[in-house]
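Colleague: Before I ask anything, let me first share the structure, which is written out below as structure tokens.
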Amino acid sequence: MLNNYIELKLKKSKTRILKDGSYFAFIPGISGVWANTRNKKVAKEELREVLEEWILLKVRDKENIPGLPIKFDRRSAFKHA
């Protein structure tokens with residue numbers, strides 16, 4: 001399920017060539033997930049890594065991930081307080 005989510009989001013990614021000749025890759029609708037490199041292939045690879053890290057942070061913080069149904073037991077957050 002997670003790999004499918006990542007692949008789906010990467011298929012929706014966009015790449016732009018900036019004035020300095022670098023490639024800017026991003027996923028519309030996911031704020032903060034982007035990569036900027038001198039090579040288009042490397043930009044896509046970095047974008048995957050950034051998306052994976054973004055997902056891990058969302059899971060760690062027990063935040064919802066749009067389009068990825070994950071259930072959290074929010075009661076457990078108060079047991080360690």
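Colleague: Given the residues 42, 50, which is the only one that is farther than 17 Å from residue 6 by Cβ and at pLDDT 95 or above?
Modeller: Just a single option satisfies the conditions, and that option is 42.
Colleague: Give the stretch 12-49 a look and list any residue that's under 21 Å from residue 68 (Cα atoms) and outside any helix (DSSP H, G or I), or say none.
Modeller: Within the stretch 12-49, 12, 13, 14, 26, 27, 28, 29, 30, 31, 32, 33, 34 meet the criteria.
Colleague: Please verify whether the stretch 61-74 includes one or more residues that are modelled with pLDDT of 95 or more, within 15 Å of the chain's Cα centre (by Cα) and not in a helix (DSSP H, G or I).
Modeller: No, the conditions are met nowhere in the stretch 61-74.
Colleague: For the stretch 15-31, which positions are free of Cβ contacts under 8 Å to residues at least 24 places away in the same chain, of a type outside the set (A, V, I, L, M) and surrounded by 11 or more Cβ atoms within 10 Å (Cβ to Cβ)?
Modeller: 16, 22, 23, 24, 26
Colleague: Exactly one of these conditions fails for residue 52: (1) loosely packed, with under 11 Cβ neighbours inside 10 Å; (2) not in a loop (DSSP other than H, G, I, E, B). Give me its number.
Modeller: Residue 52 satisfies every listed condition except (1).
Colleague: Now for a different question. Quick one: would you say residue 58 is among the basic types (Lys, Arg) and at pLDDT below 95?
Modeller: Answer is yes for this residue.
Colleague: Please give the number of the condition residue 7 fails out of (1) part of a strand (DSSP E or B); (2) free of Cβ contacts under 8 Å to residues at least 12 places away in the same chain.
Modeller: Looking at each condition in turn, residue 7 falls short on (1).
The values are calculated or read from the model by the stated rules, or taken from the named source; none is laboratory data. The structure presented is a predicted model; accordingly, all values stated were derived computationally and were not measured. Methodologically, a virtual Cβ is constructed for each residue, glycine included, from the backbone with ideal geometry; neighbour enumeration extends over all protein chains shown.
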